[in-house]
Amino acid sequence: MVSLLLRSSKSLKPFFPLTNVRSYHDFVRFATPGGVGRVPLNSPKVIGVARSRGNRSHQEDFHSFASLSLNPEELRISLKKFLGIEWNTEGANDPVTRQVVFVGLYDGHGGSTVSQYLRQELHGLFESVDKSQIPELFLWIKDQGGYFKRFRGGALAPWIHKTQGTPPLDLEARATQAFFEVDRLLSIEREARTCGATASVALLQSLDYHAMPFYSSERLALTIAHCGDARVLLYSTKGGVAFPMSENHHADSRVESARLRRMMGASLITDSFGESRWMGALANTRSLGDLQYKPYGVTPEPEVRTKLLEGTDWAYMVIVSDGVSSVLSDDEIVDLGRDAPNPKAAADRILAFAEEMSGGEDNATVLVVPLAGWGKVEGPDRTRALRDFRRRQAVGSERQRRM
């Protein structure tokens, strides 16, 4: 069987004619007195990564980092629309000020075809999609039938019938178009009918007068485009509190139950383990791929949230797959990294404790993104006593099992 991942990009061109030249990089630029500096995004001191296959025979978790170059007018519109910020685009055509750092985590299920494709392509699609492609994309979406027969376009609605004379995309529309484009591209791949992946993407834009790297920016615009059940968490320096930037897209969650009942009625089935599954098969009601379930309400539309991060109020952001969040609370996840010397060490600590609690039953990935408040967390570690108790319980259970 020939995998989509092994096909040349030439085979995809008829399905996705790109109008922009891709200019993303694997480093972040920042202003210096002598010009422009560069720092590689894959440095363990810039973004911490910890991954484990667990006890499984294959890895379905993947991630990607990139520094995108986006239209300054789109960024201005997004800042005004979502954060009420007036951003002066004068001089914003230089590479530093139009830079947006992209951090993505993809948790595959039913195979790794979709999650590997996202690792390779989503950041490039995010940068290169264009509003002129939306009318054709919308027709393809409607052709999926079922749930999408009643689809009105969502964040793409202003561009579904015509694009001439319409405003530029905002970040929500860009994310929505990129996620749907993934499904359209994967529709030629047989495996993508039964294979899928969640996607949680963080976009970081420095608003400092002289643009600084995200880890030292005094004013940072954070946008989360989230589809699935990974957790995206901010860690406050004041009291060490976890602030969630994502909600799990399960059929029994508040947002999803309302969406699905309004459009599809009731198809929620509880399995023998007490877990709720849509159509009796899927834990997630938003995903990329899983094409056979798209007519029944499974959508790739991301839920988009934004937040302005100012000063040193936030120490770091953590993105984890459900191999971690299924066994640790939000507060445990963020507390585990608070005294780490660097982001890589923080990610390792979170992963190690999650595996200790779960026995390594699932793939697990941790991404730690430092912010301006790194190393400045005040107050006690609020979950230390709980973690110590859980560790003792786990050790006792292991001893009993071996007796």
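The values are calculated or read from the model by the stated rules, or taken from the named source; none is laboratory data. These numbers were taken from a predicted model, which means no experiment stands behind them. Cβ placement follows ideal geometry from the backbone for every residue including glycine, while neighbour counts extend to all protein chains displayed.
Which residue out of V114, V129, V103 is farther than 22 Å from I188 by Cβ, touching a residue at least 40 places away in the same chain (Cβ under 8 Å) and either of a type in the set (V, I, T) or in contact with a Lys or Arg (Cβ under 9 Å, 6 or more places away or on another chain) (or both)?
Answer to the check: V103.
In the range 178-207, how many are farther than 24 Å from G110 by Cα and either not in a strand (DSSP E or B) or not small (G, A, S) (or both)?
The number of residues fulfilling the criteria is 4.
Condition first: at pLDDT below 80, out of contact with any strand residue (DSSP E or B) (no Cβ under 8 Å at 6 or more places or on another chain) and at positive phi. Can you find one or more residues in the range 28-40 that meet it?
No, because not a single residue in the range 28-40 is at pLDDT below 80, out of contact with any strand residue (DSSP E or B) (no Cβ under 8 Å at 6 or more places or on another chain) and at positive phi.
May I ask you to list the residues in the range 195-243 that are among the acidic types (D, E) and more than 15 Å from the chain's Cα centre (by Cα)?
Answer for the range 195-243, where residues must be among the acidic types (D, E) and more than 15 Å from the chain's Cα centre (by Cα): D208, E218.
Restricting the search to the range 201-216, which residues are surrounded by fewer than 21 Cβ atoms within 10 Å (Cβ to Cβ) and hydroxyl-bearing (S, T, Y)?
Y209, S216, listed by residue number.
Which ones in the range 317-336 are in contact with a strand residue (DSSP E or B) (Cβ under 6 Å, 6 or more places away or on another chain) and farther than 19 Å from G54 by Cα?
Correct list: M317, V318, D330, D331, V334.
Restrict the check to the range 240-256 and report whether at least one residue is in contact with a Pro (Cβ under 9 Å, 6 or more places away or on another chain) and either at pLDDT below 95 or surrounded by fewer than 16 Cβ atoms within 10 Å (Cβ to Cβ) (or both).
Yes, the conditions are met somewhere in the range 240-256.
Kindly state which helices (runs of 4 or more DSSP H) lie completely within the range 58-161 and contain at least 3 residues that are crowded, with 23+ Cβ neighbours inside 10 Å.
113-128
On the basis of being of a type in the set (K, R) and either crowded, with 24+ Cβ neighbours inside 10 Å or modelled with pLDDT under 95 (or both), does R190 make the cut?
yes
Go through (1) modelled with pLDDT under 95; (2) touching a Lys or Arg at 6+ places or on another chain (Cβ under 6 Å); (3) of a type outside the set (G, A, S) and name the single condition D170 misses.
(1)
Among Q133, Q116, Q120, which is the only one that is over 30 Å from G360 (Cβ atoms), touching a helix residue (DSSP H, G or I) at 6+ places or on another chain (Cβ under 9 Å) and at pLDDT 95 or above?
Exactly one residue qualifies, and that residue is Q133.
Return a yes/no flag: does the range 123-130 have any residue that is modelled with pLDDT of 95 or more, aliphatic (A, V, I, L, M) and over 30 Å from A364 (Cβ atoms).
yes
Among G359, G373, which is touching a strand residue (DSSP E or B) at 6+ places or on another chain (Cβ under 8 Å), surrounded by fewer than 24 Cβ atoms within 10 Å (Cβ to Cβ), in contact (Cβ under 8 Å) with a residue 40 or more places away in the chain and small (G, A, S)?
Going through G359, G373 in turn, just one is touching a strand residue (DSSP E or B) at 6+ places or on another chain (Cβ under 8 Å), surrounded by fewer than 24 Cβ atoms within 10 Å (Cβ to Cβ), in contact (Cβ under 8 Å) with a residue 40 or more places away in the chain and small (G, A, S): G373.
Do we have any residue at all in the range 378-386 that's surrounded by 17 or more Cβ atoms within 10 Å (Cβ to Cβ) and in contact (Cβ under 8 Å) with a residue 24 or more places away in the chain?
yes
Do we find a residue being more than 30 Å from S206 (Cβ to Cβ) and under 17 Å from the mean Cα position of the chain (by Cα) anywhere in the range 114-123?
yes
I'm told P343 meets every condition in (1) touching a residue at least 12 places away in the same chain (Cβ under 8 Å); (2) surrounded by fewer than 13 Cβ atoms within 10 Å (Cβ to Cβ) except one. Can you identify the failing condition by its number?
Looking at each condition in turn, P343 falls short on (2).
Out of A199, A157, A192, which single residue is without any contact (Cβ under 8 Å) to a residue 40 or more places away in the chain and at negative phi?
Answer to the check: A157.
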